[in-house]
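Visitor: Below you'll find the structure I mean.
Each reported figure results from applying straightforward, stated rules to the coordinates on display, with no laboratory input. The model shown is predicted, which means the values in this text are computed figures rather than measured ones. Positions of Cβ are backbone-derived with ideal geometry, glycine not excepted, and every protein chain shown enters the neighbour counts.
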Amino acid sequence: MINKLENLPNEIFLMIYSHMTLFEIIESFCLLNKRLNNIIYFKFLMNKNGIVINKRCLSFNKCHSIITSKINDLSFILNCIQSIYIDGIYVNCSDIISEWIFHSKILRFINLKKVILRKCYLTENLIENLSLLIEYQLTELVLTFDNDVFKSYQCQRLLRIIRHKQRSNLMLMFEEFIRKLFSNKCHLTSLELDISNDDTCVNIHKFLSLSSNINSDVIHNEIVTHCKSLRYLKIDLIDGSFLENLIEHVPNLEILSVQFKYTLMEKLSDEPQMKRFTSGIISWYTKTFSYSITKKTNIMPEQPFDNDSTGEQQQQQQQHADQSNNEFDDNSPANNNEQSGDEEEEEDDDDDDENQTKGDEDEGKEEVEPTPDFSDEDYGADFPDDVLCPELMAERPKEHESLNNIIVVDNLPKVDQVKLEKLKAVISKVYSKFGVCRNEYYPLDEEGKTKGYGFFEFQNEQMAIEAVKQTDGYRLDKNHTFSVNLMSDFDRLTQVPPEPIDTGNLFSWLAEPDAVDQFAVQSDDPKKTTIYSNALSQPIVLEDRNKWTENNFVWSPKGTYLASFHEQGIAFWGGKEFRQVQRFAHRGVNYIDFSPGERYLVTISPRPNNPEAFIIWDIITGQKKRSFPLDQHSSQGPSYFKWSFQDQYFAKQGPDGIYMYDRESFQLVDKKPFKIPSLADFQWSPTDNRLAYWTAEDGNVPARLVLAEVNGVRLEEVRSKTLFNVIDCKLCWQKRGDYLVVKVDRYTKKSGEKNNPKYSGLIYNFEIFHMREKNVPLDTLEVKEMIQSFAIEPVGHKLVVITGENLRTNVTFYKMGQGQKSGKIEPLKVMTQPVTTSIWAPNGQYVVLAAMKTGQSAGGQLIFVDANDMSIMSKQEHPDLSDVEWDPTGRYVTSYVTLWNAKRDHSFKIWTFQGNLVFEKSVERLVAFHWRPRPPSLLTEDMIREVRRNRTVWTPKLDQRDRILRTGESAKQQEQRRKQLDEFQRLKEKNVKRLAIQKQQRAQLRGGVDTDSLFEQQASNVGEEVVEFLIKTEEVEYKP
Amino acid sequence: MKPILLQAHERSLTKICYNREGDLLFSAGKDKFPSVWYSINGERLGSYNGHNGAVWSIDVNWNSTAFVSASGDSTVRVWDVQTGRERNLYQLDTPCRCCAFSYDGNMILYTNDDVMGKPCEMYLTDIRIRPNEGSSVRINITQKGLRKVTSSLWGTLDEFIVTGHDNGELVQWDIKAMDDVRREKPHQGQIIDLQTNKDLTFLISSSKDCTAKLFDIETLEHLKTYTTERPINSAAISPLKDHVILGGGQEAIEVTQTAVRTEEFARVKGHFGPINTIAIHPDGKSYASGGEDGLVRIHYFDKDYLDYDVVY
């Protein structure tokens, strides 16, 4: 048999051996012959010198017998064994180790470097041996303390074999061993420790903490030492505190792998522990080269400990360190593997397989990312066609948005179904000549009759346009004239331009029952325009707006509009609430001028090279009628264009005559100007189509004064006068057009050069045309003194002339003769009053003589004169007076001081026509004050005369009305005043009572004299007393 | 009627007052001589010579026997009205600002300025006691946390004093307790003048803040405010009508109706420069104004004014 066996090759033997355990090999083949021994030796060498002792091994007795019998002879084998794996679930490990590894305390395996110990009962013997091993022999140790480890101990406890002290001995040894593991007596470089099945009664975790060692005097005295050799540490544990204590003892640790039995949080929900742990971890982190913490949940108690590969995986997964550490980690398991025995590796493989599959499953669960599934057949169905095939879709027929090729024909005959065909035939005949009528449609009403219109679609736009052009207004018969439009014009036609803004009644202010006038006041800085109503008691603010206008405001001549100036143009405001009525866009507009009838507006923007310096607008529609460029040579000013009285003509002074335009065509009348050589000035009559002009002296040609009448397209001279030695003329029409007064300045001597003549010996005279007389008689009035100003009574026959210089002035009233007396101008009265201007009331009779502020004097005198009898009604004062303005009815006069005239005390005062002050108000930085004009009265002369005649009837009524207004002016205010008065009276009454009570005391204070009534008594009791005063002393010679 | 012009003083007026009957008008100015005049015709009776500085305040007692003047020469003097003799002299440390006679005419109150590091103080003295004998009551105004007194007067029945202060405060002092009982601050500017109506029930204050205000004298309850555009130097209440007269500003004084509204209804011109002081004749038919120009003008109200009555 042996012989045959010996014939087998070495490989066969190795294969056989690989299916056998160590003991079986030893038992079967060892010491048979040299060759077999060599093969066994080789086998062990190949298996990385590891032996495994587990349940498959022989029982202890068997093992013991074999080992003990043969061991001495097997030294060659034992010498090569470097690693021992003991899975002592059925083996009494302690015995084996003690008996087998240590043969009477002599180590059998001289090269033993690694011990793996699992499921062995903990005995004193084992601990003792292990202590020796780690101190002198081993470099690697794997210890797993599972439930079985303490089984014997627990059994003993259950059986109450051990007493308290005995237990302590074992535990103390064990504890000492654990301590030794991390002390300088341990020379391990690699340690794997599984204490995750720690028993509560043992509590390995506390072994390292100093506080727990109360019972142990031994450990207590021990000096804390370090295990300087330990580089690799893998711990399975429950509690982080163990780690914390551990850290102190392993200063040279390079790799740490920690596995927690439960999840970290679950176990460490206890806060103090958590804190301890975190602090420990931090200290670990600072000390160790690399570490990894694995949270291992649901760990199986029976799971094999040495699952290196999974550990490695986890280690890598949980790697927190940098790359160098990574490298280190990668290397270390490899080292471990190298050092592991063959058998171990086999075991590992099995375990690894298990773990691997499990890991795969886990992976599968983890990576449940949706992988793209291309099996979907509907893919791409969501995309529209034009994305998929844009080229094709571009050629797809499109809906025609334009309706340009459709026409709408209105005013067709309304016919019923019977006649429809005939109508269609007729109509299509009409339209067939324009092109192919693609489609026609006659809408029908409920009764089936056509609605009188139809739609026709042509092939293209041109045909439709042509059809519209030619058939619009086509007469089908005498009752039906087509009204044809393009369908596309439908929107345009239906869109009726918006109704002009409803500005309300623009004349509502005239309907004021008491005919109260309005006035507007503007102040600068802040720019504020205020409109007042001059109510009887005192003006009431109607409207008050900031920055209403940019520089000025102007009332229209009839008072309908208030024009405000803006950079963009002019805005008109009117109606009850002064809303914007009209706008006239004219950039940079400076002046405006109304036609007298308020129909046209001229805006003037006098910027150089402005092609539209003058624009004439229709006020009602806001339309631009015509624009004129700025004439460089002509004068600029608000009255550049002068309007005739009914807005019929407007004229301007051109280089060689009068350029008169017609309001209908806005073209020159007669298409050419009226040539008037050396024209100086002209003025329209306010009531007739007449104008007066004068021509200046030109060489030998004398000056002429001409009154002309517009007759059709011609200008006919009515009256003229030749004047010599004229310097200047001033044309002035009376408001009613009854008189034309021309002030002529003449000279007696002329010297100096032609361009800069000097005049001396000035003579002033008036040329007065009596317009209403036959042949327009002409009067001449000579005035010796220099004329400061003059004014014609607007309604009447008087002329006020102010002559003199500075304030040494004479005011002369003249009466211009009328009727038979014409030709005679009689001076009525001369007053010597220091005034500069005279301002007539709008209806005459009353005149205000005012001294405006001039360079020489502040002025301010206001003299109110009744021109009927030339009596001075009153004299008033308003210092620094700027201007005086009558209200349109002639009831009130306003004097005002503006910013331009005075530095301070800007104000306006309202006087009655008699000169009684009605109201005054100071307005800071007053710029302008203007009464709102009124349109001319609609009453005829006779009616006015009738009213005047019945004045006695009217007066009481009006007086009563005034009284009511005055007393009931503002019931609220009055009520308030009465209340205030009552309150004050009550207060006074209270005081009177108080005084009465205190009367006695008062008298006492003043020595019993009642001073309260003393004065009254005196006043009544004391009689007249003659007091003589010596005023003047005079020495008189006594003559007896 | 043309106003009577009194060429009263060489320098600007500081205070004028009528005696109770109204026949005498006392005036004081920045010159050293307070004077007395017949109010009826403006004849000067005489002057009280002795002061050595501007006279800031004067007052006359109810029976026109004694006349007190407070001067910038740090003295307060009591004079015999009839003879012009100096009866008492009270020497203080700093210029004296205000003085006033009590209702019974036996007590005077006077105050001095808080200059040269000295506090503003208020003194109450019985004029019958000789100055060096009797100890006058002395209240330290500055110590009370108040600014200097610029005007003062006695309240009803000599029970209290009202003072107007530099910062517009109005303070009522109880004489028995010698302490302030009410403090109001009706004005933003200095209270220049305080006057009462004839029966000492109302009080009118005039201030630099361009307002004059009417108060109840006992409660200091604010009743009316009269606003003008110029600082008010003096204000007086008419005994005849519910009117007040305000004086001040540049060249105008205004007559304002008190009771009904705080509206101005008349303005009287005349003085060259501001009006410093105003007093209404006890019969209410004339008033006098003293201006910066050194003149006193006695105006008689027109008949129109006396007949004028607003009826509501």
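Visitor: Under the definition of partner shielding as Cβ atoms of other protein chains within 10 Å of a residue Cβ, what is the mean value for peptide A:560-571?
Guide: For this peptide, the per-residue mean of nearby foreign Cβ atoms is 0.
Visitor: Using only DSSP helix segments of four residues or longer, with each worth -39500 (n - 2.57), what per-residue ellipticity at 222 nm results for chain B after dividing by its residue count and rounding to 500?
Guide: -500 deg cm²/dmol
Visitor: Sequence gap at least 6, Cα distance under 8 Å: using those rules, report the relative contact order of the stretch A:406-494 to the nearest whole percent. Present the calculation step by step, with values, prior to reporting the outcome.
Guide: On the way: 138 pairs, mean separation 35.3, N = 89.
In percent, rounded to a whole number, it is 40.
Visitor: Rounded to the nearest 0.05, what FRET efficiency do A:THR687 and A:GLN623 give with R0 = 30 Å and r taken as the Cβ-Cβ distance? Could you check? Walk me through the numbers on the way to the answer.
Guide: Working: r = 28 Å, r/R0 = 0.94.
It comes to 0.60.
Visitor: Just subtract the alpha-carbon distance of A:LEU420 and A:GLU124 from 0.36 nm times their residue separation and send over the number in nm, one decimal.
Guide: Stretched fully, the A:LEU420-A:GLU124 segment lengthens by 93.8 nm.
Visitor: Please list A:439-447, B:200-208 highest first by mean number of surrounding beta-carbon atoms within 10 Å per residue.
Guide: Put in order of decreasing packing, that is B:200-208, A:439-447.
Visitor: Okay, next question. Which of rounded, prolate or oblate describes chain B when judged by the alpha-carbon gyration tensor and an a/c cut-off of 1.5?
Guide: oblate
Visitor: With each pseudo-label sitting 7 Å past Cα toward Cβ, what's the A:ASN590-A:GLU612 distance in nm, one decimal?
Guide: Here the answer is 1.9 nm between the modelled labels.
Visitor: Compute the distance in nm between two label points, each set 7 Å from the Cα along the Cα-to-Cβ direction, one at A:ARG925 and one at A:ARG904.
Guide: Computed distance between label sites A:ARG925 and A:ARG904 equals 1.7 nm.
Visitor: Can you give the mean number of other chain Cβ atoms that lie within 10 Å of the Cβ atoms in peptide A:1001-1007? Could the numbers behind the result be given before it?
Guide: Numbers: counts 5, 7, 0, 2, 8, 8, 5.
Mean shielding count: 5.
Visitor: Compute the signed sum of charges (Lys and Arg +1, Asp and Glu -1) over the other residues within less than 15 Å, Cβ to Cβ, of B:CYS120.
Guide: Around B:CYS120, the charge tally is -1.
Visitor: Tell me the relative contact order for chain B as a rounded percent, counting alpha carbon contacts under 8 Å between residues six or more apart.
Guide: Reported relative contact order: 13 percent.
Visitor: Past 32 Å, Cα to Cα: identify those pairs from A:LYS815/B:LYS2; A:LYS34/A:LYS113; B:LYS118/B:LYS176, in the order given.
Guide: Working: A:LYS815/B:LYS2 41 Å; A:LYS34/A:LYS113 27 Å; B:LYS118/B:LYS176 25 Å.
From A:LYS815/B:LYS2; A:LYS34/A:LYS113; B:LYS118/B:LYS176, over 32 Å: A:LYS815/B:LYS2.
Visitor: Going by C-beta contacts inside 10 Å, put B:LEU157, B:LEU5 in order with the fewest on the left.
Guide: Going from least to most buried by this count: B:LEU5, B:LEU157.
Visitor: A further question follows. Among A:ASP472, A:ASP959, rank each residue by its count of other Cβ atoms within 10 Å, from fewest to most, as a rough exposure measure. Kindly include the intermediate steps, with their values, before the conclusion.
Guide: Values: A:ASP472 15, A:ASP959 10.
Least to most surrounded, the residues fall as A:ASP959, A:ASP472.
Visitor: So, one more: Determine, for each peptide in A:172-185, A:511-524, the mean count of other beta carbons within 10 angstrom over its residues, then list the peptides with the highest first.
Guide: On the way: A:172-185: 20.2, A:511-524: 17.3.
Order by mean packing, descending: A:172-185, A:511-524.
Visitor: Okay, moving on. Based only on other Cβ atoms within 10 Å, what is the fewest-to-most ordering of B:TRP173, A:TRP555? Could you put the intermediate results ahead of the total?
Guide: Working: B:TRP173 23, A:TRP555 19.
Sorted ascending by nearby Cβ count, the order is A:TRP555, B:TRP173.
Visitor: If you find the alpha carbon centre of the stretch B:278-304 and of the stretch B:77-156, how far apart are they in angstrom?
Guide: What the calculation gives is 28 Å, centre to centre.
Visitor: Label points 7 Å out from Cα along the Cβ direction at A:LYS1032 and A:ASN10: separation in nm?
Guide: 17.7
Visitor: Starting from the exponent 0.38 and prefactor 2.2 Å, build the expected Rg for the stretch A:939-995 from its residue count and divide its actual Cα Rg by it.
Guide: It is 2.17.
Visitor: Grab the beta carbon distance between A:LYS784 and B:GLU43, set R0 = 60 Å, and tell me the FRET efficiency rounded to 0.05.
Guide: 0.65
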